[in-house]
C-alpha cells in the first residue's frame with residue numbers, strides 16, 4: 001500500500017496509477033477532465049482502517065479511472081485490500097468498460113468480509129472521446145451531479161447492480177440494494193462530486209446532521225466557472241467551520257471531476273501503441 005502526502009497541481013503519466021492513504025490535495029488536468037482530490041487522515045490504520053483513493057490513466061490518456069474506498073479492519077487487512085484495489089486499476093488500465101474491474105472489486109469486498117473487516121468502494125471511469133462517465137457504487141454515499149445547462153446539482157440515483165447481474169454478484173458487507181451502477185453522458189462544464197461518508201455525517205451550526213441534501217447545498221458553491229485548484233479545500237473548510245466536531249475523528253476523501261474541452265495530446269496518441277507493447281513485454285517478463 002502506498003501513502004499519499006501530496007499537494008498542488010500534478011501530472012498523471014500514461015499507464016500510471018497514483019494515490020494511496022493519507023493527506024492529499026491534488027489537481028490533475030486530464031484529457032477532457034479536471035480532477036481535484038482532497039483527503040485527510042485522522043484515524044490509526046493499525047486499529048480502524050481508513051480511506052484510500054487512486055486515479056489511473058490508460059496508454060493514450062483517453063481513459064481516466066478513479067477509485068475511493070473506506071476500509072475497516074486490522075492494519076494487515078487494510079494494507080492488503082488497499083493493494084488489491086490498486087492492482088485492479090493496473091490490470092484494467094487500458095480497458096474502457098469497467099465490468100472486469102467491478103468483478104475484481106466485488107471479490108476484494110468479499111475477501112475483506114470473510115477476514116472480519118469491511119470495505120465500501122466507489123469506482124468511476126471517464127472515457128473522454130464519448131464524454132461517458134460510468135459509476136459503480138458499493139456502499140458509498142451517492143455522488144452528486146452538476147449539469148451546466150441547468151446550473152443545478154442533483155443527487156445521483158441508479159439501478160441496483162442486482163438488476164445487472166452480468167457485471168457482478170454483490171457480496172460481503174454490501175447488500176444488493178447498496179450495489180449500484182450508472183452510466184452518464186456528460187457535457188462541457190458538467191461536474192461529478194464523490195465523497196466519503198465523513199462529510200455527510202458532519203453537523204450544521206444548529207446541530208443538525210448535514211446529510212446528502214445538506215452537502216448538495218454546499219456543492220452549489222462549485223459553480224460552472226469555478227476553476228480554482230483549491231476548490232475542494234475551500235469547500236471542506238466551509239463545512240468544517242459549521243461545527244467544532246466536524247471531520248475531527250474520521251478519514252475524509254473528496255473527489256471532484258469537471259468536464260473540459262481539452263483533448264488527448266498528439267504525442268500521447270502517437271506513443272500509445274509503443275506503451276502498450278512495452279507493457280506487454282513487461283508483463284511476460286514478470287511471469
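Structure notes:
- Whether segment 17-159 is rounded, prolate or oblate, judged on the alpha carbon gyration tensor where a/c under 1.5 counts as rounded: prolate
- Relative packing of 196-207, 121-132, 105-116, which averages over residues the other C-beta atoms within 10 Å, highest first: 121-132, 105-116, 196-207
- Calculated FRET value between residue 42 and residue 83, using beta carbons and R₀ = 30 Å, to 0.05: 0.85
- Gyration tensor (alpha-carbon) shape descriptor, segment 47-102, a/c threshold 1.5: prolate
- Model label sites at residue 217 and residue 197, defined 7 Å from Cα along the beta-carbon direction, differ in position by 2.2 nm.
- Calculated FRET efficiency for the pair residue 74/residue 96, C-beta based, R₀ 45 Å, to 0.05: 0.80
- Cα-projected label distance for residue 154 with residue 29, points at 7 Å along beta-carbon direction, nm: 3.0
Values in this text are rule-based calculations from the coordinates and carry no lab data. Quick caveat: nothing in here was measured; it's all calculated off a predicted structure. Here Cβ is always computed from backbone atoms with ideal geometry, including for glycine, and neighbour counts include all displayed protein chains.
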